[in-house]
Amino acid sequence: MKYSNDTPHWQEAIQNYGNGDACSEEQDHGSLLSEYDHLRITTQIDFVPPVPVVKIKDAVISTAGNITTFSGLPKSGKTAVINVLIAGAVSKDGNYDGFEGIQVEPNPDSLAVICFDTEQSKQKQQKNLQIILKRLGISECPPNLLCYNLKEVPLGIYKKVVREICEAAKEKFGGIHMIVIDGGADFVLDVNDPSSSTKLVRFFERLAVKHDTCVILIIHLNPGSAKERGHLGSQLQRKGESVIAIQQDGDKSYLMPKFLREAGRDDVPAIQFSFDKSKGYHTSAGVRSAEELKQKTDMLSALARGVFGDGSAYPYSDAIVMIMQHSGKKERTAKELFKELRALKLIQKDENGDWCLFTAHSSEVQETGDETELDAG
């Protein structure tokens, strides 16, 4: 017998667990094992290989039945990447204006492509929809492209709304090619709560498996950190197929692979993109070379040593002043440099809560940080 989490069989099994009657001597052990055959993995099972939906330079990033996370700081270019992925997922023949190196499996059967946005206003989401259509070279929204704004929906029914829309779309369009959720962290009250975060990631996993599609999640990084927010971010790192960071350097943004199950980090180039005023959206800006990345890292390392290298430690506001003095930059740029120093783990908080050079004995506070301080700064 095959059980699902929604059947009373599981509930009965849970109730009986620990009561001593789950596997009595007189019970047929073979019969009991057969009840769980649907969970067993053997070499005789013929699994259909997962369908690659998103690739970067032929490296598989996202496949049907799995979740993929794109993360970044505010205004780092996350929306631009998502618009490209959605345009590619809607395209029947792969003909659209995307980013060089990012390949999205075409959608010749016009399966549903669904986007949920929890962060942006309806007007902003509509503007993004118009950009997606421009990338496709069309003026009317295809019926299989379904965009929903959840800002006015009560948090308690987010999952219900998503579940029902996906089920209806699957029936109407014969399947779902891609699900995008912009603002995945908004599905929980506290991203640091282990229980709700674990349940949410499990919900996204089931969504991907049930509809045999990829679920693309967009979440923020901890301010000034290279880590996705809270326990939710940790769960996505463990359970997701891929985690791709979107970073910004001046007028350009670029993709940085963090966790990949189907490829190595060296297989994924740091694709760059920047805003094109003539087109009204972001376009390809080549690939960030290893030498460029090294030069930037070397510069930041030198800055960290210059500010903190003598054993000095500063509260956040003083650290910004010192960065301004050593770099010759204004306050806004100094704050961005501070974030990069922390993201690269070149600096850390000491036992007094001041910022100093990073050591091997950095504490867990480095992962979470003081979001209020950094946001205010």
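The values are calculated or read from the model by the stated rules, or taken from the named source; none is laboratory data. In this text, all values refer to a predicted model and were calculated from it rather than measured experimentally. Here Cβ is always computed from backbone atoms with ideal geometry, including for glycine, and neighbour counts include all displayed protein chains.
Give me the pairs: first residue in segment 27-50 and surrounded by 10 or more Cβ atoms within 10 Å (Cβ to Cβ), second residue among the polar types (S, T, N, Q) and assigned to a loop (DSSP other than H, G, I, E, B), beta-carbon distance under 9 Å, and six or more apart or on different chains, which are they?
Hits for this filter: 50/66.
Among the listed residues 83, 66, 107, which satisfies the condition of being buried (at least 21 other Cβ atoms within 10 Å of the Cβ) and modelled with pLDDT under 95? Lay out the reasoning, then the answer.
On the way: 83 fails: modelled with pLDDT under 95; 107 fails: modelled with pLDDT under 95.
Within the list 83, 66, 107, the selection yields 66.
Would you point out the residue of segment 129-158, among those that are among the charged types (D, E, K, R) and modelled with pLDDT of 95 or more, that is surrounded by the most Cβ atoms within 10 Å (Cβ to Cβ)?
135
Mind listing whichever residues of segment 56-83 are over 15 Å from the mean Cα position of the chain (by Cα) and either in a strand (DSSP E or B) or of a type in the set (Val, Ile, Thr) (or both)?
56, 59, 60
For segment 263-282, state whether one or more residues are among the charged types (D, E, K, R), assigned to a strand (DSSP E or B) and surrounded by 14 or more Cβ atoms within 10 Å (Cβ to Cβ). Talk me through it step by step, then tell me what you get.
Of segment 263-282, the ones among the charged types (D, E, K, R) are 265-267, 276-277, 279.
If we keep only those that are assigned to a strand (DSSP E or B) too, we end up with 276.
Add one more test, that the residue is surrounded by 14 or more Cβ atoms within 10 Å (Cβ to Cβ), and what stays is none.
No, segment 263-282 contains no residue that is among the charged types (D, E, K, R), assigned to a strand (DSSP E or B) and surrounded by 14 or more Cβ atoms within 10 Å (Cβ to Cβ).
Being surrounded by fewer than 22 Cβ atoms within 10 Å (Cβ to Cβ), in the same structural domain as residue 165 (by TED's automatic domain parsing), in contact with a His (Cβ under 8 Å, 6 or more places away or on another chain) and not in a loop (DSSP other than H, G, I, E, B) is the requirement here; does residue 89 meet it?
Details: surrounded by fewer than 22 Cβ atoms within 10 Å (Cβ to Cβ): no; in the same structural domain as residue 165 (by TED's automatic domain parsing): yes; in contact with a His (Cβ under 8 Å, 6 or more places away or on another chain): yes; not in a loop (DSSP other than H, G, I, E, B): yes.
Criteria not met by residue 89.
Restricting the first residue to segment 156-170 and requiring it to be in a helix (DSSP H, G or I), which pairs with a second residue that is among the hydrophobic types (A, V, I, L, M, F, W, C) and surrounded by fewer than 18 Cβ atoms within 10 Å (Cβ to Cβ) meet a Cβ separation below 7 Å and a spacing of at least six or different chains?
159/203; 161/153
Does residue 311 fit the bill of being on the phi > 0 side of the Ramachandran plot, surrounded by fewer than 14 Cβ atoms within 10 Å (Cβ to Cβ) and either at pLDDT 85 or above or not aliphatic (A, V, I, L, M) (or both)?
yes
Take residue 153 and tell me if it is hydrophobic (A, V, I, L, M, F, W, C), within 21 Å of the chain's Cα centre (by Cα) and assigned by TED's automatic domain parsing to the domain that holds residue 274.
Here the answer is no, as residue 153 does not meet what is asked.
Of all residues in segment 198-216, which are farther than 22 Å from residue 82 by Cβ and surrounded by 16 or more Cβ atoms within 10 Å (Cβ to Cβ)?
Residue satisfying the conditions is 198 alone.
Can you list residue pairs whose Cβ atoms sit under 6 Å apart, with the first residue in segment 202-220 being assigned to a helix (DSSP H, G or I) and the second being of a type in the set (D, E, K, R) and surrounded by fewer than 24 Cβ atoms within 10 Å (Cβ to Cβ)? Count only pairs 6 or more apart in sequence or on different chains.
203/159
For residue 98, indicate whether it is closer than 17 Å to residue 271 by Cβ, assigned to a loop (DSSP other than H, G, I, E, B) and touching a helix residue (DSSP H, G or I) at 6+ places or on another chain (Cβ under 7 Å). Show your work before the answer.
Numbers: closer than 17 Å to residue 271 by Cβ: yes; assigned to a loop (DSSP other than H, G, I, E, B): yes; touching a helix residue (DSSP H, G or I) at 6+ places or on another chain (Cβ under 7 Å): yes.
Criteria met by residue 98.
Going by the structure shown, is residue 114 surrounded by 20 or more Cβ atoms within 10 Å (Cβ to Cβ) and in a strand (DSSP E or B)?
Criteria met by residue 114.
Name the residues in segment 216-231 that are out of contact with any Gly (no Cβ under 9 Å at 6 or more places or on another chain) and either modelled with pLDDT of 65 or more or among the aliphatic types (A, V, I, L, M) (or both), would you?
Passing the criteria: 216, 226, 230, 231.
Sort out which residues of segment 304-329 are touching a residue at least 40 places away in the same chain (Cβ under 8 Å) and either closer than 17 Å to residue 357 by Cβ or assigned to a loop (DSSP other than H, G, I, E, B) (or both), and write them in order of number. Show your work before the answer.
Taking segment 304-329 as the starting set, the residues that turn out to be touching a residue at least 40 places away in the same chain (Cβ under 8 Å) are 304-305, 308-309, 311-317, 320.
Residues satisfying the conditions are 304, 305, 308, 309, 311, 312, 313, 314, 315, 316, 320.
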